[in-house]
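Just so it is clear, none of the values below were taken in a lab; they were calculated from the coordinates. The model shown is predicted, which means the values in this text are computed figures rather than measured ones. Reconstructed Cβ throughout: ideal geometry from the backbone, glycine too, with neighbour counts over all protein chains shown.
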């Protein structure tokens, strides 16, 4: 199995602390094992589902043993991660930037295990992070949003001000401003990734303030935001997975930062003894970092301009 983004992972590395962690991965007498700990449920059609599908794909495509834990609250993260390490798993993944502290503490206690944070920006002797250039994705979504907004007012909605959320917010604002420099971007943080009702209420508040296009970065709560957009007949976007087919009346495009591909590629490196304690950052335009299906409502010239913009970002012509 080769998706092509194993090379991308290596070439897109931005921070590194050297030390290849290959001892366990190279052992021939025991199966390679990986586990993932997730904060929400595996059927959220968003963040947690990508983690679950990534680990199960790794099992199928790489022939490794896998395990997962879902709906693990932050106070329980350290114990969940440590439990897999005690049981001899070679790689243990904390799925989300909120796992940074727990991963770093678990890594100190279990130096023979490689711990990974998705959407993290930390590294160490046995700590790696797997992430994307979120500003690039936010910029492209903001560019599309600005081209489709009639009132030149957009809304950005997330749960907590962790780096992935603030980077996407910043990129979204810059992309929107590239078309409408004086436009207003309304921002709301709900402090809850999964509460559908709370997300819907927040999205409705943004619409009531004038937003005619909304970009929600949430887990299960994304459903509430998309429901609000659909009911109020405003445009919206998906994230992590392409959700256009499920929401064709409201979703213009999806920022597909596909950890299903990225996790398989990373675990292939780890199994082969090539994973290191460093931060791997993927750019837009890679196998794992794409857009989804364009809504037919988007004019053809805007689609062409968007594709050209992705190439400029991927090639480094436009730096964010």
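Taking 200, 135, 173 in turn, the Gaussian network model of the chain (Cα-Cα springs below 10 Å) assigns the largest fluctuation to 200. Computed extension gain for residue 318 through residue 109, at 0.36 nm per residue and net of the alpha carbon distance, reaches 71.1 nm.
Working from Cα pairs under 8 Å separated by at least six residues, relative contact order for the chain is 23 percent. Relative to the dominant Cα principal axis of the chain, helix 77-86 is inclined by about 30°.
Each stretch of four or more DSSP H residues adds -39500 (n - 2.57); spread over every residue of the chain, this sum gives -12500 deg cm²/dmol at 222 nm.
Compute the Kirkwood hydrodynamic radius of segment 275-320, taking the inverse of the mean of 1/r over all pairs of distinct Cα atoms, and give it in Å to one decimal. It is 12.4 Å. I'd like the distance between the alpha-carbon centres of segment 95-119 and segment 196-235, rounded to an integer number of Å. Going from one Cα centre to the other spans 33 Å. Note that segment 93-173 shows a convex hull volume over its alpha carbon atoms of 74 Å³ per residue. Using the average count of surrounding beta-carbon atoms within 10 Å as a protection proxy, the listed peptides 64-75, 252-263, 280-291 rank, highest first, as 252-263, 280-291, 64-75.
Considering every alpha-carbon pair of segment 219-301, the percent of pairs per 5 Å bin, from zero through the bin containing the longest distance, is 3, 14, 19, 18, 14, 11, 8, 6, 4, 1, 0. Taking the Cα centre of each part, how many Å lie between segment 131-165 and segment 269-315? Going from one Cα centre to the other spans 15 Å.
Between residue 301 and residue 201, the simple spin-label model (points 7 angstrom out along Cα→Cβ) gives 4.4 nm.
Rounded to the nearest 0.05, what FRET efficiency is calculated for residue 160 and residue 272 with R0 set to 41 Å and r the Cβ-Cβ distance? Once the sixth-power term is evaluated, E becomes 0.70. Over all directions, the projected convex hull of the C-alpha atoms in the chain averages 14.9 nm² in area.
FRET efficiency for the residue 65 to residue 152 pair, using the beta carbon distance and R₀ = 51 Å, is estimated at 0.45. Counting only alpha carbon atoms, the long axis of helix 134-148 and the longest principal axis of the chain meet at about 20°.
On the principal axes of its alpha-carbon atoms, segment 107-262 has extents of 55, 32, 27 Å, going from largest to smallest.
On a 0 to 90° scale, report how tilted helix 163-177 is relative to the longest principal axis of the chain, with both axes built from alpha carbons and the result rounded to the nearest 10. The two axes meet at around 30 degrees. Across segment 45-165, the relative contact order, built from alpha-carbon pairs under 8 Å that are at least six residues apart, equals 15 percent. Within segment 57-152, DSSP assigns beta bridges of which about 10% are antiparallel (rounded to the nearest 5).
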